[in-house]
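Bear in mind these aren't lab numbers, they're just calculated from the coordinates by the rules spelled out. What you see is a predicted model, and the numbers here were worked out from it, not measured in a lab. Here the Cβ positions follow ideal geometry from the backbone for every residue, glycine too, while neighbour counts run over all protein chains shown.
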Amino acid sequence: MIYKKILTFFLLVVLSKADAQQLTWQQVAPGVWKGVAGQPEKYDLVKASGSTPSLAALQKMGEASFPLKQEEIQATLTDGKTYLRFPLAEKEQLFGLGLNFQTVYQRGKILQLHMDHYGGKDNGRTHAPVPFYVSSAGYGVFINTARYITVYAGTAVRKDSKHPPVEKNRNEDKSWSSRPYSDAVEILVPAAGTEIYVFAGPTALDAVRRYNLFNGGGALPPRWGLGFTQRVKSLFTSDEVKAEVDSFRLKGYPLDFVGLEPGWQSRAYPGTFEWDKKRYPDPAGFVKDMLKKDIRLNLWINPYVSKQASFYKQIAPYTGSHTVWTGEVPDFTIPEARKIFFGQLKKDQVDIGVSGYKIDEVDGYDYYLWPDVARFPGGLTGEQMRQTYGVLAMRYSLDMFKEKNERTYGLVRASNAGANTYPYVIYNDYYNHEDFITALINSGYIGVLWTPEARASKTSEEWIRRFQTVIFSPMAMINAWSSGTKPWSYADVAAPIKELALLRMRMMPYWYSEFAKYHYEGTPVFRGMSLEPGFENKTNTTVKKNLEDNPYLEAVSKEVKDQYMAGEYLLVAPLFTGQQSRKVILPKGKWYDFYTGAYAGDGEIITVAPGLDKIPVYVKDGGIIPLMPPLLHAPEKGQKVDLEIRVYGSKPGAYKLYDDDGVTMDYEKGAFDWRTITISKDAQGKLKGAVDAAHNKAIQSYNKITFRFMTAP
């Protein structure tokens with residue numbers, strides 16, 4: 001009996017040791033390391049997206065030291081699953097871990113990162129369950145798996161913790177907490193191995209940039225994609241679309257692309273992916289007419305194939321075991337399936353001039369999407385396909401436009417890690433305005449784009465408040481598929497709505513340059529305040545250090561989810577329905593009103609009451625904002641516009657102005673230009689401006705350039 005007990009103990013010890021993995025780290029780019037635990041699966045997020053690192057850009061960022069103690073990163077294999085543990089210091093905060101809508105701080109959360117339609121809770125089930133987090137300590141961690149993973153983000157306390165919480169007596173100690181402090185992030189991957197990537201800083205923004213560049217950089221849309229878009233009602237005809245387009249022109253509202261909803265197809269839910277000849281009797285002529293009016297078309301699809309589709313019999317052998325709304329699900333990992341499905345889209349739509357797609361319902365819900373027990377002919381499980389189906393749809397739809405040497409800009413309901421460079425913006429049917437802004441903030445931590453779209457509103461106040469945030473987002477869109485809402489539908493705010501839409505057009509040189517920095521340098525265009533230098537826990541020297549006597553330090557230490565950075569210089573602080581005023585937390589450094597140039601504050605909390613027609617926007621000292629005339633359409637290839645460069649504050653500085661043809665993929669072959677705008681002081685201390693001459697004579701989008709110094713000396 002005693003020998004049996006000794007043998008059992010011996011086996012337990014051996015098995016325990018066998019489960020522990022010795023992680024070895026390989027540096028794969030400056031500031032980026034890969035670790036391998038167990039035997040990673042052949043299919044993962046990076047392979048699904050086909051992304052390749054922007055090595056030259058990563059090299060430009062420079063080398064950095066491994067940001068954690070390698071021996072404190074642990075991996076264990078048990079029961080065919082991988083258990084990971086990462087150290088977490090007491091004062092660290094965590095950001096990322098999917099497209100969350102209600103929280104920015106993720107420490108203390110338990111999340112199952114699971115592709116789904118967002119259901120109203122930040123529990124990990126969301127449109128972009130990206131398994132990447134960034135720490136306020138200035139590093140990032142990415143788990144490269146296409147599985148549903150569970151993240152304990154500083155919630156579980158091991159008994160062998162190096163920094164355990166202090167035991168407290170709840171009977172007598174009011175500081176007792178049911179959620180004690182934890183010094184680790186623990187992650188459960190339901191597979192016998194995984195790849196792990198660690199990204200160095202030194203700042204959190206640097207770690208995010210390295211993550212984006214590792215996945216190829218951020219998206220660079222065409223210029224027209226950054227204009228204004230209107231999605232028309234579901235069953236509109238070609239004549240109704242033409243009438244709506246003409247109404248925008250006649251009323252003086254800008255418009256660059258129009259979204260056609262399910263009614264463009266002869267059958268939808270599931271789809272035929274063929275034009276309905278009653279509503280669109282001459283598709284090629286219709287698309288051509290729209291292009292003559294400088295209007296692009298974006299078509300709604302979900303990828304589920306009707307038996308009425310002309311190519312149904314061809315694609316049926318390459319579809320999954322389960323249907324969605326009785327439509328068959330193509331397996332896009334199979335080349336034959338891609339050739340048939342995207343071949344139909346190319347022949348029927350892209351070849352006649354359609355400019356993009358809205359890829360709907362590739363996320364969830366469970367009751368209509370395929371179940372996890374589904375099987376696909378390419379060999380993926382239902383789980384792996386669900387985590388990556390939106391990525392696959394984006395990836396292979398882009399090939400159609402690349403073949404034509406054209407850029408696209410579209411919408412999607414599901415994304416994931418690796419899709420950073422894809423020109424698709426996430427949207428959904430959850431319509432909480434405040435949460436939309438939180439999602440916009442969170443999108444910047446995880447390498448995706450999100451639009452706080454406007455659909456309809458109960459009041460004109462709500463309408464203009466929603467519209468204001470749309471203008472300062474990746475896609476300026478009204479989604480009127482159900483409501484039929486137009487920018488002028490609320491008559492009492494129609495005039496300021498027009499001014500906002502025209503402001504969006506005026507700011508196009510700024511937006512375009514900022515998206516170029518996203519692409520080439522990895523800096524997210526729209527991002528949370530925690531990534532802004534001078535914000536978190538860096539206050540004015542005149543402010544007391546005691547939190548109780550220091551409202552500013554207390555404010556920046558809390559979760560900030562209702563203001564964000566837009567590009568290099570702008571701080572946007574939306575108001576919501578019912579608000580007459582709001583508090584804005586300004587980072588350290590002087591800030592100025594975007595509209596007037598007036599001084600706003602320096603490292604302090606201000607209260608603003610801008611009125612209904614203004615969204616509060618502030619520019620940091622030395623801010624340089626290039627603007628163009630308020631055109632009704634984005635400049636076309638070869639079209640030149642004048643440039644007004646607004647300068648804020650008294651600080652000399654420089655800004656990188658990006659230029660290319662705005663339409664083609666030629667920028668990938670080097671057909672682009674960066675021109676430096678320089679602001680300096682003359683002998684009398686007065687600011688003056690200069691702009692580099694174009695370095696690439698074939699790339700010149702600007703005529704006359706003038707400077708406007710917004711801040712009085």
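In table form, for the structure just shown:
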item: Phi-based couplings in Hz for region 453-464 (Karplus 6.51, -1.76, 1.60; Gly and Pro marked x); result: 3, 10, 10, 7, 8, 6, 9, 5, 5, 4, 4, 6
item: Other-chain or far-sequence residues with amide H under 5 Å of residue 296's (modelled H); result: 257, 258
item: Shape of region 434-511, Cα gyration tensor, a/c cut at 1.5; result: oblate
item: Region 505-663: C-alpha gyration tensor shape, a/c 1.5 cut-off, then a/b vs b/c; result: prolate
item: Dipole axis of region 394-540 (+1 Lys, Arg; -1 Asp, Glu on Cβ), positive-most option in 473, 459, 501; result: 501
item: Net charge dipole size for region 180-234 [Lys, Arg +1 and Asp, Glu -1 on Cβ; Debye, nearest 20]; result: 620 debye
item: Kirkwood-based Rg to Rh ratio, region 570-649, C-alpha trace; result: 1.07
item: Cα pair distances of region 526-620 binned at 5 Å [whole percent]; result: 3, 14, 25, 26, 19, 10, 3, 0
item: Above-threshold pairs, the threshold being 30 Å between Cα atoms, out of 60/697; 174/583; 346/561; result: 174/583; 346/561
item: Mean shadow area of region 223-505, taken as a quarter of the surface of its Cα convex hull (nm²); result: 14.2 nm²
item: Estimated vicinal HN-Hα couplings, Hz - region 120-133 in sequence order (Karplus 6.51, -1.76, 1.60; Gly, Pro = x); result: x, 10, 7, 10, x, 8, 7, 6, 9, x, 5, x, 9, 10
item: Partners for residue 590 among aspartates and glutamates (Cα-Cα distance below 17 Å; same-chain residues under 8 apart left out); result: 532, 536, 568, 602, 604, 621
item: Simple Cβ-charge dipole of region 526-620, Lys/Arg +1 and Asp/Glu -1, about Cα centre, in debye nearest 20; result: 80 debye
item: Anisotropy class of the chain from Cα gyration tensor, a/c 1.5 cut; result: oblate
item: Lysines whose Cα lies under 30 Å from that of residue 339, excluding same-chain neighbours fewer than 8 positions away; result: 42, 47, 277, 278, 288, 307, 313, 347, 358, 402, 404, 669
item: For region 568-579, 3J(HN,Hα) per residue [Karplus equation, 6.51 cos²θ - 1.76 cosθ + 1.60, θ = phi - 60°, Hz, x = Gly/Pro]; result: 5, 10, 9, 10, 10, 10, x, 10, 10, 3, x, 8
item: nm² value of the averaged projected area, convex hull over the Cα atoms of region 336-487; result: 10.6 nm²
item: Semi-axes of the equivalent ellipsoid for region 262-310, Cα gyration tensor, largest first, Å; result: 23, 12, 7
item: Placed amide H near residue 364: partners under 5 Å, 5+ positions off or other chain; result: 117
item: Antiparallel bridge percentage (DSSP; both residues within region 261-419; nearest 5); result: 45 percent
item: Once the Cα gyration tensor of region 20-214 is diagonalised, semi-axes √(5λ) in Å; result: 27, 19, 18
item: Fraction of beta bridges assigned by DSSP in the chain that are antiparallel (%, nearest 5); result: 75 percent
item: Residue 320 long-range amide H proximity, modeled H, under 5 Å; result: 329, 331
item: 15 Å Cα-Cα reach of residue 637 towards aspartates and glutamates, excluding residues that sit fewer than 8 places from it in its own chain; result: 256, 294, 406, 659, 660, 661, 666, 673
